[in-house]
Amino acid sequence: MKGFKKFTFLLAVMLLASMQSYAQRRISIFFDHVAEIAKQENISIKEAAQRVRALGYEGIDVRVTNTESELNMLDELGFQHACAIADINLIDGEQPVVIRQVLDFMHHRQYDRLLLLPGMLPKDADSQFIDAACTRIAAFVKAAQKEGVDVMVEDFDNPRAICYNTPILDHLFAASPQLNHVFDTGNYLFAGEEVMVALNHFRERIHHVHLKDRKAMRNNGSLVIGTGIMPLKEVVSQLLATGYDGWFTIEHFGAPNMLQYATQSITNVNAAWNEYEKNCKR
């Protein structure tokens, strides 16, 4: 009887833990978007951040160049550390000083996920030049991992990026097995690729997600999430169904009304999440 009670208790604990994990929503926004809201609404950055926090955004994606006062304010408002972003031009050569500054920031501000922007390839870059850049990136990733930092690259919407589309990302990931991926839905569209195909191809490396929507493939404008051609419901469902528990960062740089976009986007993402959970209960 005691064994049965113990089994029942353990089963209940496991079920509760599963339910808690299942219900967790990690939706983030760029600090740049918060700053743009402040500018457009003619309010302080703190007030803009408070409005965004009230909408249900739990996390914030910052740049390592954000000021101490900005970062302290975000911490005081309860934003979680979703991701830090750093420009380290490893395409052009070794950057020991910048690398040390970035890693010091990660430790000091207690961020453990880093989106690396490694610079742009010159127009005449040959395979030897690209391989040398990949080697420098791999060395940085290995060094950062030893210090507890998870380094990621995104599919960047510029053909000169060393992480522009699936073929060149495959090449970069082969050179750096410890490198992970920020999956940007809109940038795969910009590169003319199918979002779901890319998602399934890179699923094991995806540690962070940028939700971005577009009017059409290779269109550079961004929309409210869920109002363009990006398959929002399919992206959310596939990631959650395969165990993804990382952040979804909403992105729409250049929005004419950033607060309205942020409001509608998180509503649409939550609706997609709700539909997924509803389908799971059937």
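Please find, within segment 108-128, the residue that is farthest from Gln95 (Cα to Cα) out of those that are surrounded by 13 or more Cβ atoms within 10 Å (Cβ to Cβ), at pLDDT 95 or above and more than 17 Å from the chain's Cα centre (by Cα).
Start the filter on segment 108-128 by keeping residues that are surrounded by 13 or more Cβ atoms within 10 Å (Cβ to Cβ), which leaves 109, 111-121, 125.
The next check asks that each one be at pLDDT 95 or above; those that pass are 109, 111-121.
Subsequent filtering for residues that are more than 17 Å from the chain's Cα centre (by Cα) retains 109, 119-121.
Details: Arg109: 21, Gly119: 12, Met120: 15, Leu121: 16 Å.
Only one residue fits best here, namely Arg109.
Please indicate, with yes or no, whether at least one residue in segment 223-233 is basic (Lys, Arg) and without any contact (Cβ under 8 Å) to a residue 40 or more places away in the chain.
Keep residues of segment 223-233 that are basic (Lys, Arg), which gives 233.
Restricting the remaining residues to those that are without any contact (Cβ under 8 Å) to a residue 40 or more places away in the chain gives none.
No, every residue in segment 223-233 fails to be basic (Lys, Arg) and without any contact (Cβ under 8 Å) to a residue 40 or more places away in the chain.
So how many residues does segment 120-138 have that are outside any helix (DSSP H, G or I) and of a type in the set (Lys, Arg)?
Final tally of qualifying residues: 1.
Return yes when Ala255 is surrounded by 14 or more Cβ atoms within 10 Å (Cβ to Cβ) and touching a residue at least 12 places away in the same chain (Cβ under 8 Å) and no when it is not.
Criteria met by Ala255.
Restricting the search to segment 192-221, which residues are of a type in the set (A, V, I, L, M) and within 23 Å of Leu114 (Cβ to Cβ)?
Of everything in segment 192-221, those that are of a type in the set (A, V, I, L, M) and within 23 Å of Leu114 (Cβ to Cβ) turn out to be Ala198, Leu199, Ile206, Val209, Leu211.
Do we have Asp104 as outside any loop (DSSP other than H, G, I, E, B), under 13 Å from Ala86 (Cα atoms) and not aliphatic (A, V, I, L, M) here? If you could, list the steps in order and put the result at the bottom.
Values: outside any loop (DSSP other than H, G, I, E, B): yes; under 13 Å from Ala86 (Cα atoms): yes; not aliphatic (A, V, I, L, M): yes.
Yes: the conditions hold for Asp104.
If I ask for residues that are of a type in the set (A, V, I, L, M, F, W, C), surrounded by fewer than 21 Cβ atoms within 10 Å (Cβ to Cβ) and under 17 Å from the mean Cα position of the chain (by Cα), which ones from segment 236-250 would you list?
Leu239, Leu240
Would you mention how many residues in segment 56-76 are on the phi < 0 side of the Ramachandran plot, touching a strand residue (DSSP E or B) at 6+ places or on another chain (Cβ under 9 Å) and either surrounded by fewer than 16 Cβ atoms within 10 Å (Cβ to Cβ) or among the hydroxyl-bearing types (Ser, Thr, Tyr) (or both)?
Qualifying residue count, segment 56-76: 3.
The values are calculated or read from the model by the stated rules, or taken from the named source; none is laboratory data. None of the values given here were measured: they were computed from a predicted structure. All Cβ positions, glycine included, derive from the backbone under ideal geometry; neighbour counts span all protein chains shown.
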